[in-house]
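Participant: Sending over a structure as structure tokens; questions will come in a sec.
The values are calculated or read from the model by the stated rules, or taken from the named source; none is laboratory data. Computed from a predicted structure; not experimentally measured. FYI the Cβ positions are ideal-geometry reconstructions off the backbone, even for glycines, and counts take in every protein chain you see.
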Amino acid sequence: MRAIRRGVGTSGAALALLGTLSACGGGNFRPVSDMPVRIGKPYTVRGTTYVPADQPGYDLVGYASWYGSESGNRTANGERFRPGWITAAHTSLPLPAYVEVTALDTGRTILVRINDRGPFSRGRIIDLSRGAAEELGIRGQGHAAVRVRAVDPSEKDRKKLRKGKPAEGRPRVGADELAVLRARLAASGNDAGR
């Protein structure tokens with residue numbers, strides 16, 4: 001994957017190199033960090049090509065699923081997957097990226113840190129860790145209709161998420177906005193994700 005740096009000076013480059021070297025030895029896992037941001041090259045899974053890109057205005061409705069049995073595996077970002085952390089997989093957003101995920105049945109909204117690639121199922125737009133699914137209140141459902149929106153959270157929230165903890169609580173989305181989002185989902189054709 002190709003690394004990009006946003007405003008990283010010499011010390012940031014040194015930290016990125018140190019992170020790369022530490023990932024190569026003892027454990028083969030990259031330290032949890034927001035630098036360097038990686039976009040990566042296009043890739044193909046089961047005949048579908050995905051093109052990673054910086055997408056600051058990303059705002060999509062579809063379905064979320066969750067995963068958690070891969071504990072200890074390496075994420076696409078090189079970090080250790082920890083099922084209880086508030087993380088997720090996305091097919092094309094930079095690694096890492098931060099998104100706001102809203103459950104369209106309840107209006108509950110959480111912040112999530114993207115550090116992996118997936119899901120690769122039709123209609124699924126994000127694959128939440130077990131911890132994120134619990135935080136959003138959808139673990140028992142297996143999958144749920146959601147809105148996923150790219151955000152730039154505060155450093156305080158980023159720090160919590162880098163440690164696997166939930167960010168500060170977000171206000172629930174109101175009934176009128178939920179109705180608009182559900183109509184958007186129906187019109188998008190992503191209803192096939194059920």
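Participant: So, in segment 83-93, of the ones that are touching a residue at least 60 places away in the same chain (Cβ under 8 Å) and crowded, with 20+ Cβ neighbours inside 10 Å, which residue ends up farthest from Val180 (Cα to Cα)?
Facilitator: From segment 83-93, those touching a residue at least 60 places away in the same chain (Cβ under 8 Å) are 84-87; that's our starting set.
Then keep just the ones that are crowded, with 20+ Cβ neighbours inside 10 Å; that gives 85-87.
Numbers: Trp85: 30, Ile86: 27, Thr87: 27 Å.
Checking each candidate, the answer is Trp85.
Participant: Do the conditions hold for Asp105, that is, is it in contact (Cβ under 8 Å) with a residue 40 or more places away in the chain and in contact with an Asp or Glu (Cβ under 9 Å, 6 or more places away or on another chain)?
Facilitator: Values: in contact (Cβ under 8 Å) with a residue 40 or more places away in the chain: yes; in contact with an Asp or Glu (Cβ under 9 Å, 6 or more places away or on another chain): no.
It is false that Asp105 is in contact (Cβ under 8 Å) with a residue 40 or more places away in the chain and in contact with an Asp or Glu (Cβ under 9 Å, 6 or more places away or on another chain).
Participant: Return the residue satisfying two criteria in turn: it lies in segment 67-82 and is among the polar types (S, T, N, Q) and touching a strand residue (DSSP E or B) at 6+ places or on another chain (Cβ under 8 Å), and of such residues it is surrounded by the most Cβ atoms within 10 Å (Cβ to Cβ). Spell out the reasoning first.
Facilitator: Quick first cut of segment 67-82, residues among the polar types (S, T, N, Q) only: 69, 71, 73, 75, 77.
Going one step further and asking which of them are touching a strand residue (DSSP E or B) at 6+ places or on another chain (Cβ under 8 Å), we end up with 73, 75, 77.
On the way: Asn73: 13, Thr75: 23, Asn77: 25.
The residue in question is Asn77.
Participant: Does Glu134 satisfy the criteria of being surrounded by fewer than 22 Cβ atoms within 10 Å (Cβ to Cβ), in contact with a Gly (Cβ under 9 Å, 6 or more places away or on another chain) and not β-branched (Val, Ile, Thr)? I'd like the intermediate steps shown before the answer.
Facilitator: Values: surrounded by fewer than 22 Cβ atoms within 10 Å (Cβ to Cβ): yes; in contact with a Gly (Cβ under 9 Å, 6 or more places away or on another chain): yes; not β-branched (Val, Ile, Thr): yes.
Yes.
Participant: Run down Ala183, Ala192 and say which single residue is of a type in the set (A, V, I, L, M), modelled with pLDDT under 95 and surrounded by fewer than 16 Cβ atoms within 10 Å (Cβ to Cβ). Explain how you work it out, then say what you get.
Facilitator: Details: Ala183 fails: modelled with pLDDT under 95.
From the options Ala183, Ala192, the qualifying one is Ala192.
Residues checked against (1) over 15 Å from Pro83 (Cα atoms); (2) under 13 Å from the mean Cα position of the chain (by Cα):
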| site | (1), (2) |
| --- | --- |
| Arg117 | no, yes |
| Arg122 | yes, no |
| Ser129 | no, yes |
| Ala145 | yes, no |
| Lys156 | yes, no |
| Lys159 | yes, no |
| Lys163 | no, no |
| Val180 | yes, no |
| Ala187 | yes, no |
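Participant: Looking at segment 35-66 only, could you name the residues that are surrounded by fewer than 16 Cβ atoms within 10 Å (Cβ to Cβ) and either within 15 Å of the chain's Cα centre (by Cα) or part of a loop (DSSP other than H, G, I, E, B) (or both)? Even if it seems obvious, please write down each step before you answer.
Facilitator: Restricting attention to segment 35-66, the residues satisfying the condition of being surrounded by fewer than 16 Cβ atoms within 10 Å (Cβ to Cβ) are 41-49, 51, 53-57, 59.
Matches in segment 35-66: Lys41, Pro42, Arg46, Gly47, Val51, Ala53, Asp54, Gln55, Pro56, Gly57, Asp59.
Participant: Could I ask something else about it? With (1) closer than 24 Å to Glu168 by Cβ; (2) modelled with pLDDT under 95 as the list, and Ala103 as the residue in question, which single condition is left unmet?
Facilitator: Checking Ala103 against (1) closer than 24 Å to Glu168 by Cβ; (2) modelled with pLDDT under 95, the one that fails is (2).
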